[in-house]
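This report concerns only the one structure given below.
The values are calculated or read from the model by the stated rules, or taken from the named source; none is laboratory data. Not measured: the values here are computed from a predicted model. With ideal geometry, Cβ positions are generated from the backbone for all residues, glycine too; neighbour counts draw on all protein chains shown. What goes into the accessible areas is simple: the full protein's heavy atoms, side chains included, and nothing from ligands, DNA or RNA. Shrake-Rupley method; radii C 1.70, N 1.55, O 1.52, S 1.80 Å.
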Amino acid sequence: MNITKAIIPVAGLGTRFLPATKSQPKEMLTVVDRPVIHYVVEEAVKAGIKQIFLITSSTKRAIEDYFDYNFELEYWLKKREKTKALKSIRPIHHMAEFIFIRQREPKGFGDAILTAKEFVKNEPCAVMLGDDIIDSKLPCIAQLIDVYKRYGDPVVAVKRVKKREIKHFGSVGGTKVEEGVYQLHKIVEKPKPEYAPSLLGIVGRYIITPEILEVLQGFKVPKGKEFGLVEGFDGLLRTKRPAYACEFEGEWYTVGSKQSFLEANIALGLKDKEIRQELKKFLKKNI
Ligand code: UTP
């Protein structure tokens with residue numbers, strides 16, 4: 001089955017990047033010349049996604065505006081013959097069909113995904129975190145879709161991380177079934193290094209099926225805790241249903257903290273033809 005729908009949750013509080021995210025969504029922070037969420041949507045569209053469900057909140061209106069038609073701005077740019085500027089904004093609202101759904105409270109990533117349950121209508125779909133950029137030849141989510149097409153079961157994106165870093169990621173244990181693809185037998189959230197099933201850490205791209213949403217819906221959330229897709233995948237594995245991990249090709253940048261935000265800007269800035277040379281000179285001078 002073809003995957004044409006993606007859920008992108010963007011309703012989180014962004015507490016790790018305050019005060020930057022006090023009055024603007026972290027997904028709208030600029031990396032080089034466009035907001036983070038633009039990269040995520042672009043990746044989805046390149047992979048053949050047609051419908052995008054953005055899970056938002058009252059503090060995330062800027063995201064809705066970004067993907068909407070801005071009549072006034074287009075009118076003035078046209079009138080002033082600012083063709084290049086006009087060209088840069090015109091395609092944005094045509095990128096896909098955007099559907100905005102409000103998450104009532106920021107109760108975590110898993111709750112945000114469940115908000116879209118009725119809308120994805122019993123179809124497998126992509127889930128992409130709105131603050132993760134993945135720079136790759138073949139879009140990361142397309143690499144996961146390929147795995148889904150071969151096996152027909154949910155897929156999670158993973159990358160190899162250092163032992164000391166695994167405590168910040170979900171970790172998977174599995175059997176290699178082909179180059180870069182593992183059938184899962186274990187999945188845990190943020191383990192201590194000594195308990196991690198492997199050093200394959202989960203990053204924010206998934207293919208989920210209606211079964212995952214069923215598991216999440218039935219999940220009993222421990223008091224004061226949040227839940228995510230790890231609980232959904234774990235529920236499947238416990239009932240002996242298969243799921244896979246795809247060790248994707250590409251560079252991953254997460255934009256939720258100042259360190260990773262700056263790394264994303266430098267790495268992608270160095271790939272930008274317009275600024276590459278000057279940026280290199282600046283970096284050399286300042287290191
Ligand atoms: P994070 O795990 O980075 O959480 O969310 P966060 O709340 O945004 O940030 P911190 O940890 O407080 O700094 C990953 C993605 O899931 C969305 C976020 O907007 C982000 O794009 N999310 C998170 C929701 O949509 N709803 C939530 O309740 C939590």
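Using a/c under 1.5 as the rounded threshold, could you call segment 90-241 rounded, prolate or oblate? The axes a ≥ b ≥ c are square roots of the C-alpha gyration tensor eigenvalues, and prolate needs a/b larger than b/c, oblate otherwise.
Taking the square roots of the gyration eigenvalues as a ≥ b ≥ c, segment 90-241 is rounded.
Based on the Kirkwood radius over alpha-carbon pairs, what value in µm²/s does the Stokes-Einstein equation return for the translational diffusion coefficient of the chain at 37 °C and 0.692 mPa s?
D, rounded to a whole number, is 165 µm²/s.
Rounded, prolate or oblate for segment 2-101? Axes are the square roots of the Cα gyration tensor eigenvalues, ordered a ≥ b ≥ c, and the cut-off for rounded is a/c under 1.5.
In terms of gyration-tensor shape, oblate.
Starting from the Cα of Leu73, step 7 Å toward the Cβ, then list every residue of segment 1-39 with an amide N under 15 Å from that point.
Once the point is set 7 Å along Cα→Cβ of Leu73, 25, 28-31, 33-39 turn out to lie under 15 Å by backbone N, inside segment 1-39.
DSSP loop GluC sites (Glu not before Pro) in segment 140-202 with at most 16 other Cβ atoms within 10 Å of their Cβ, which ones?
Passing sites in segment 140-202 are Glu179.
In nm, to one decimal, how far is the modelled label at Gln24 from the one at Asn286, with both set 7 Å along Cα→Cβ?
Taking the simple label geometry, Gln24 and Asn286 are separated by 1.8 nm.
Taking the alpha carbon gyration tensor of segment 138-208, what are the square roots of 5 times its eigenvalues, largest first, to the nearest whole Å?
22, 12, 10
From the protein chains alone at 1.4 Å, what is the descending order of accessible area for Val36, Val45, largest first?
The residues order as Val45, Val36, largest area first.
Taking 0.36 nm per residue of separation and subtracting the Cα-Cα distance, what length does fully extending Asp272 through Phe219 add?
Full-extension gain reported as 14.6 nm.
Hey, with R₀ at 51 Å, roughly what FRET efficiency would Arg80 and Arg16 work out to, going by the Cβ-Cβ distance, to 0.05?
Once the sixth-power term is evaluated, E becomes 0.80.
Could you work out [θ]222 nm for the chain from helices alone, using -39500 (n - 2.57) per DSSP H run of at least four and dividing by all its residues? Round to the nearest 500 deg cm²/dmol.
Here the helix-only value at 222 nm equals -9500 deg cm²/dmol.
R0 = 41 Å: FRET efficiency of Leu262 with Lys240, Cβ-based, nearest 0.05?
Approximately 0.40, to the nearest 0.05.
Express the relative contact order of segment 148-275 as a whole percentage, based on alpha carbon pairs under 8 Å and six or more residues apart in sequence.
Result for segment 148-275 is 30 percent.
Could you tell me the relative contact order of segment 38-154? Use alpha-carbon pairs under 8 Å, at least six residues apart, and round to a whole percent.
42
Roughly how many nanometres apart are two label points built 7 Å out from the Cα toward the Cβ at Glu251 and Glu194?
Rounded to a tenth, the inter-label distance reads 3.6 nm.
Residue separation times 0.36 nm, minus the C-alpha to C-alpha distance between Lys167 and Ile89: what's the value?
24.1 nm
Write out the trypsin sites (Lys or Arg not before Pro) in segment 43-95 meeting two conditions: DSSP loop, and at most 10 other Cβ atoms within 10 Å of their Cβ.
Sparse-neighbourhood loop trypsin sites (Lys or Arg not before Pro): Arg80.
What percent do you get for the relative contact order of the chain when only Cα pairs under 8 Å and 6+ apart count?
Once normalised by length, the contact order is 22 percent.
Looking at the chain, send over the antiparallel percent of its DSSP beta bridges, to the nearest 5.
So the antiparallel bridges amount to about 60 percent of the total.
Express the carbon and sulfur contribution to the solvent-accessible surface of the chain as a percent, rounded to the nearest whole number, probe 1.4 angstrom.
For the chain, the apolar C and S fraction of the accessible surface comes to 52 percent.
Give me the accessible area per residue for the chain, probe 1.4 Å, as a whole number in Å².
56
For segment 110-142, which trypsin sites (Lys or Arg not before Pro) are both in a DSSP coil and crowded by at most 15 other Cβ atoms within 10 Å?
Qualifying residues, ordered by number: Lys121, Lys137.
Which is farthest toward the positive dipole end of segment 1-115 among Ala47, Pro19, Phe67, measuring Cα position about the Cα centre, with Cβ charges +1 (Lys, Arg) and -1 (Asp, Glu)?
Pro19
Mind running the shape call on segment 80-159? Use the C-alpha gyration tensor, a ≥ b ≥ c as the square roots of the eigenvalues: rounded below 1.5 for a/c, prolate if a/b tops b/c, oblate otherwise.
oblate
How far apart, in nanometres, would the label points at Lys186 and Lys107 be if each is projected 7 angstrom from Cα along the Cα-to-Cβ direction?
Once both label points are built, they end up 3.1 nm from each other.
Using a 1.4 Å probe and ignoring any ligands, DNA or RNA, find the accessible area of Cys246 and quote it in Å² to the nearest 10.
For Cys246, the solvent-accessible surface is approximately 10 Å².
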